[in-house]
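Below is one structure, written out as structure tokens; comments come after it.
Quick note: the coordinates plus some simple rules give every number you see, no bench work behind them. Note that the structure is predicted; figures quoted are calculated from it, not measured. No Cβ is skipped: glycine too gets one built from the backbone with ideal geometry, and neighbour counts run over all protein chains shown.
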Amino acid sequence: MAKEVAWWKHAVIYQIYPLSFKDSNGDGIGDIQGIREKLDYLKNLGVDVIWLSPIYLSPMDDNGYDISNYQEINPMFGTKEDLKHLLDEVHEKGMKLIMDLVINHTSDEHPWFIQAKSSKDNPYRDYYIWKDEPNLITSVFGGPAWTKDQTTNQYYFHLFSSRQPDLNWRNPKLRSDIYQMINDWLDFGIDGFRLDVIDLIGKDIDHYQLSDGPYFETYLQELHQNCFQNRKIMTVGETPGLSINRAAEISHQGLLDMVFQFTHIGLDEVPNQGKWALKALDLVEFKHVFMTLQKTMFNHGWNSLFLANHDQPRAVSRYGNLKYRKESATMLATILYGMQGTPFVYQGEEIGMTGVQYDIQQYQDIETKKIYQILKQKGISEDEIMRSIHAKSRDNSRTPFQWNHQPHAGFSSAKPWLDVNPNYIEVNAENDLLDDFSVYSFFKKLFEIRKAYQVFTDGDFDLIQPNHPKLFIYQRKNVNDTMLVIGSFSSEPQEVNLFISEEPKSLLISNYPDHAIKDLMILPPYYAAIIRIGEINHANH
Ligand code: TEU
Ligand code: CA
């Protein structure tokens, strides 16, 4: 009997950043009703699962990744009833909905923290991490990871902003409260979670072990037993610090269905100097990281396929070329989604939305504002700071979704909370929906192809010409099919010999559809194609 393949292995997942997706009531802030207006747009694209970035009650110090009440919805996004309506409609349309879950830390306005900081012997004191003397750990957003609480004269630990105190996972009472909260949401009917920085929950601060700490697997197992097992849900962990091997192990054991592994994300920064120290991407390195991911997780774990999210710059600005915006956006999609794993689309990626180059006053992101001050104090020149911010600021991907060429890009009737990218007149969903050769139409077709051929789910992976500095070519193969996936990362024509003359071949998709498939080809700028070879042998199997 054929083994049943987990449903999420075939799913296309679309990340919505609610603040910036669609504003329904003219306050300049995206909301749940706005999302409800756009479900057909997502369904038509081929989306199976929607992931919502946090919409819980929050003072929005870190745009909702600082939760002050896990049970309530932030009124700026709507009500719990709105969410229930959204969930029902998503289900009616045959899609699923997963929520973001931030359980490494809370907001400093969470009642637990307000209690905890009120006195040393408060029953909630031990829900957080306190020390008389801080150690040298620094916050991801810059500066020390410890802040002194004036009332009790101890320091509390926060790996992100000082308004995001880390929860103390060593406390079994805290863990059981968290499991209860998660089960309540699952009983509410949601289909799973994206778990924010979940690799940090097992940390040992005294020994500077943060990601993948000594208690990580124990707590993950406990979490799985108490909440996830025996439910038909999916989980994806955000694990910026997990190695490729550990990511494979965790998903192979099924503690999380898959995790976001970040090795490829760090390749355009100077090693060990953090995200703001820019370095040109070496395509050969990039290819080798993906090859390692693909080979490590073949039959041993499961990949999540992503280039962008709400923390990362726009993929087309980062890895493509804006002179060839459509070509490079579609090429990147071809390369990414031709691989084994579950595809993730970050809102706007499917219409080739690009990054922005704003003045410092226009940025809203806490990390961007903080790093600007820190780099200034270090004496770095304004030019250099702004180069880094333009390349890497998280606001690059948080600008409002560009629905049409109307004022505010059709996102809102009012001035949005973050300025719209001025290119919305040209780059918008309305234009793309009318055009058979748009980025959107390409994504849609790509997902249809992925679902039509099992080889994209179960085929093995081999790099072709692994050391070619400009071309990313690989083969996917199972007993039925062989697919050649080709992407050019060059604005110059590239010659390539495909050596496939012996076998019949057909072009499944290309961003230059009229370009004939031959053995010896000159590939135009940012060319992409998927070629099916050897299909004649089909009947033999
Ligand atoms: O991100 C965690 C994380 O470690 C990074 O992605 C980090 O935010 C980024 O590299 C900084 O440039 C998650 C969320 O996705 C992010 O939005 C939150 O700010 C963070 O956790 C804290 O909750
Ligand atoms: Ca609104």
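How high is the relative contact order of the chain, in percent, counting Cα pairs under 8 Å that sit 6 or more residues apart? Provide the component values of the computation, followed by the final result.
On the way: 1104 pairs, mean separation 68.0, N = 541.
Rounded, it is 13 percent for the chain.
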One finds, for LEU186 and GLU495 with R0 = 51 angstrom and r their Cβ-Cβ distance, a FRET efficiency to the nearest 0.05 of 0.40
Taking Cα atoms only, helix 439-452 is inclined relative to the longest principal axis of the chain by an angle, in degrees rounded to 10, of 80
FRET efficiency for GLU92 and ASN171 from the Cβ-Cβ distance with R0 = 35 Å, rounded to 0.05, comes out at 0.30
For the chain, the longest principal axis of the Cα atoms and the Cα long axis of helix 80-92 enclose an angle in degrees, to the nearest 10, of 20
Percent relative contact order for the stretch 459-533, counting Cα pairs under 8 Å at least six residues apart, stands at 33
About its Cα centre, the stretch 294-401 carries a charge dipole, from +1 on Lys and Arg Cβ atoms and -1 on Asp and Glu Cβ atoms, whose size in debye to the nearest 20 is 160
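Once you have the Cα-Cα distance between ASN480 and ILE137, take 0.36 nm times their residue separation minus that, and quote the gain in nm to one decimal. Could you put the intermediate results ahead of the total?
Details: separation 343, 0.36 × 343 = 123.48 nm, distance 5.22 nm.
Working it through step by step, the gained length comes to 118.3 nm.
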Magnitude of the Cβ-charge dipole (Lys and Arg +1, Asp and Glu -1) of the stretch 1-68 about the Cα centre, nearest 20 debye, reported as 440
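For the chain, what is the mean residue ellipticity at 222 nm derived from helices alone (per DSSP H run of n ≥ 4: -39500 (n - 2.57); sum divided by total residues; nearest 500 deg cm²/dmol)? Don't jump to the answer; show the numbers that get you there.
Working: 15 runs with 145 residues, N = 541.
Here the helix-only value at 222 nm equals -8000 deg cm²/dmol.
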For the stretch 63-77, in residue order, the Karplus 3J(HN,Hα) values (coefficients 6.51, -1.76, 1.60; θ = phi - 60°; whole Hz; Gly and Pro = x) are 6, x, 7, 10, 9, 9, 7, 6, 8, 10, 9, 5, x, 5, 9
Measuring from the longest principal axis of the C-alpha atoms of the chain, the long axis of helix 283-296 (C-alpha) lies at a number of degrees, nearest 10, equal to 80
Residue by residue through the stretch 473-480, the couplings from Karplus 6.51 cos²θ - 1.76 cosθ + 1.60 with θ = phi - 60°, in Hz, x for Gly and Pro, are 10, 9, 10, 10, 9, 10, 5, 9
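So, by mean Cβ neighbours within 10 angstrom, what's the order for 430-436, 328-334 with the highest one leading? Don't jump to the answer; show the numbers that get you there.
Details: 430-436: 14.6, 328-334: 27.7.
In decreasing order of mean packing, 430-436, 328-334 become 328-334, 430-436.
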Kirkwood-based Rg/Rh on the Cα set of the stretch 459-533 evaluates to 0.93
The stretch 463-493 and the stretch 399-447 have their Cα centres apart by a whole-number Å value of 30
Convex hull around the C-alpha positions of the chain: the volume in Å³ per residue is 151
Restricting to Cα pairs under 8 Å and 6 or more apart, the percent relative contact order of the stretch 240-374 works out to 21
Which residues qualify? For ILE509, with a placed amide H closer than 5 Å and at least 5 residues away or on another chain, they are ILE530
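Given a Förster distance of 41 Å, report the FRET efficiency between HIS85 and GLN377 from their Cβ-Cβ distance, rounded to the nearest 0.05.
Numbers: r = 48 Å, r/R0 = 1.17.
Between HIS85 and GLN377 the formula returns 0.30.
Taking neighbour counts of Cβ atoms within 10 Å as a proxy for exposure, in what order, fewest first, do LYS96, LYS84 appear?
Values: LYS96 23, LYS84 13.
Lowest to highest Cβ neighbour count: LYS84, LYS96.
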Computed ³J(HN,Hα) along the stretch 95-108: with the Karplus parameters 6.51/-1.76/1.60, θ = phi - 60°, integer Hz and x for glycine or proline, the list is 10, 10, 10, 10, 10, 7, 9, 10, 10, 7, 8, 10, 6, 5
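Once you sort the root eigenvalues of the Cα gyration tensor of the stretch 275-400 as a ≥ b ≥ c, which label holds: rounded (a/c under 1.5), prolate (a/b larger than b/c) or oblate (the other case)? Write out the running numbers ahead of the final one.
On the way: a/c = 2.12, a/b = 1.74, b/c = 1.22.
Verdict is prolate for the stretch 275-400.
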Here, HIS515 and THR292, labelled 7 Å along Cα→Cβ, have an inter-label distance in nm of 3.0
Quick calc: nm separation of the 7 Å Cα→Cβ label points for ARG387 and ASP204 -> 4.2
Place a point 7 Å from the Cα of TYR215 in the direction of its beta carbon; the residues of the stretch 159-199 whose amide N falls under 16 Å from it are 159, 166-179, 198-199
LYS445 and GLU37 label points (each 7 Å along its Cα→Cβ direction) are spaced in nm at 3.0
Quick calc, the chain, dipole around Cα centre from Cβ unit charges on Lys, Arg (+) and Asp, Glu (-), nearest 20 debye, gives 480
